[in-house]
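The values are calculated or read from the model by the stated rules, or taken from the named source; none is laboratory data. Given the structure is predicted, the values throughout are model-derived calculations rather than measurements. Note that we place each Cβ from the backbone using ideal geometry, even for glycine, and neighbour counts take in every protein chain shown.
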Amino acid sequence: MRRLQLFVATSVDGYVSGASGDTTWRHPGAELVAPAWPRVDTILIGRRTYAAACASGWPHGDRRTVVFSRAGEPSIATPQTAATARAPADVVAELRAREGGSIALVAGGTLAAACFAAHLVDEVFVAMHPVLLGGGTRWLADTGASIALSMVSERRQPSGVVQLAYRVERGGATRD
């Protein structure tokens, strides 16, 4: 079965962007790409994250991309991109029924939380950057439950970025 892998670049205090949407604190470079990324052939992404990725030159190549958008059709940057207002569970079920590589979730907190709530996420890859932002957009909105994770690996980079890889433990979540 195709795995849904959440990829997150975060500050030590858990933000994906600063209070004004700033992401210039992120360290660029190949060291931030998780070892799992080459197996990804499909990207699920939220509308705001998609817009930011397009503004930075669309770093995801020609992978098939599904943009989740409740606010209407975003402008499409590649022929491999489609927008949808469908529920993440429906989209992931359809993708898992097809042959292919891993599915990357590159999303803000709301879409990531919806995928966790629907028990869709199999693995979490976190690139933790050595900065405290003190506010901004959290990488995960309230899920209403704790989610058990098992560490698979950790790597420290010369920049101070720490890459963490976790497997989601099924049946380990509890309602708070």
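Counting just the residues of the range 112-132 that are of a type in the set (Val, Ile, Thr) and out of contact with any helix residue (DSSP H, G or I) (no Cβ under 7 Å at 6 or more places or on another chain), which one comes out nearest to Ser146 (Cα to Cα)? Once the filter is applied, the top-ranked residue is Val124. Considering the range 40-88, the residues that are basic (Lys, Arg) and in contact with a strand residue (DSSP E or B) (Cβ under 7 Å, 6 or more places away or on another chain) include one that is modelled with the highest pLDDT, namely Arg64.
Would you check if there is a residue in the range 135-143 being touching a residue at least 40 places away in the same chain (Cβ under 8 Å), outside any loop (DSSP other than H, G, I, E, B) and farther than 24 Å from Asp41 by Cβ?
Here is the first cut: in the range 135-143, the ones touching a residue at least 40 places away in the same chain (Cβ under 8 Å) are 135-140.
If we keep only those that are outside any loop (DSSP other than H, G, I, E, B) as well, we get 137-138.
Then drop every residue that is not farther than 24 Å from Asp41 by Cβ, which leaves 137-138.
Within the range 135-143, one or more residues are touching a residue at least 40 places away in the same chain (Cβ under 8 Å), outside any loop (DSSP other than H, G, I, E, B) and farther than 24 Å from Asp41 by Cβ.
In the set (1) closer than 17 Å to Val16 by Cβ; (2) surrounded by 13 or more Cβ atoms within 10 Å (Cβ to Cβ), the condition left unmet by Leu149 is number (1). The strands (runs of 3 or more DSSP E) found wholly in the range 35-85 and carrying at least 3 residues that are in contact (Cβ under 8 Å) with a residue 40 or more places away in the chain occupy 40-46. For the condition out of contact with any Lys or Arg (no Cβ under 8 Å at 6 or more places or on another chain), of a type in the set (A, V, I, L, M) and either at pLDDT 90 or above or part of a strand (DSSP E or B) (or both), Val152 does not qualify.
Taking the conditions (1) of a type outside the set (D, E, K, R); (2) over 17 Å from the mean Cα position of the chain (by Cα); (3) more than 26 Å from Asp142 (Cβ to Cβ) in turn, His60 satisfies each one other than (2). The residues on offer are Ala19, Ala9, and the sole one that is outside any helix (DSSP H, G or I), surrounded by fewer than 18 Cβ atoms within 10 Å (Cβ to Cβ) and modelled with pLDDT of 85 or more is Ala19. Scanning the range 88-114 for residues that are more than 16 Å from the chain's Cα centre (by Cα), among the aliphatic types (A, V, I, L, M) and part of a loop (DSSP other than H, G, I, E, B) yields a count of 1.
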